[in-house]
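We did not get these values from a lab; they are worked out from the coordinates using the rules stated. Since we're looking at a predicted model, the values are computed, not measured. Glycine gets a Cβ as well: all are built from the backbone with ideal geometry, and neighbour counts include every protein chain shown.
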């Protein structure tokens, strides 16, 4: 580019017409970029390279339709034999003013963690979430769960083929389910 082109490009427009021309060039660029992106996504879906199954999380029907914690554990992990562990830190409020949004945090120092699950014991379907961290990850899960009535929040960690658990009693003053 020549020096004159650079000056013109960097200097503000002198007239209203120049400003409108510059603005229309920018709008045209944005429009073209958006059109190209939309076209590429559409063609990717059309070719079957991007399917909903590869985008949507896995659904575990046995776990999420179970009516108690042991049945959910059996459905997801194949066993409900758990051991209490001090290596799991489960934080939740003692009293939840609104059962629709109860903050729960689970941390663990266990290694070789395959799965992290959080339950609300007295809910109609107690399983709230399932996380499968990577091999090197140190699980630290923070979530807001719904609790219909007072009861335990239970955290379960599958590590080295064994199930470890920690729980916390939560009193709900206004139900959320």
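Taking 10 °C and 1.306 mPa s as the conditions, I'd like the Stokes-Einstein D for region 61-172 in µm²/s, using the Kirkwood hydrodynamic radius from alpha carbon pairs. Could the numbers behind the result be given before it?
Values: Rh = 13.8 Å.
My calculation gives 115 µm²/s for D.
Sort 132-144, 60-72, 110-122, 30-42 by packing, meaning the average of other beta carbons within 10 Å per residue, with the highest value first. Present the calculation step by step, with values, prior to reporting the outcome.
Numbers: 132-144: 12.1, 60-72: 15.8, 110-122: 19.2, 30-42: 10.2.
The packing order, highest mean first, is 110-122, 60-72, 132-144, 30-42.
Between region 58-122 and region 156-173, what's the alpha-carbon centroid distance in Å?
Each part reduced to its Cα centre gives a spacing of 5 Å.
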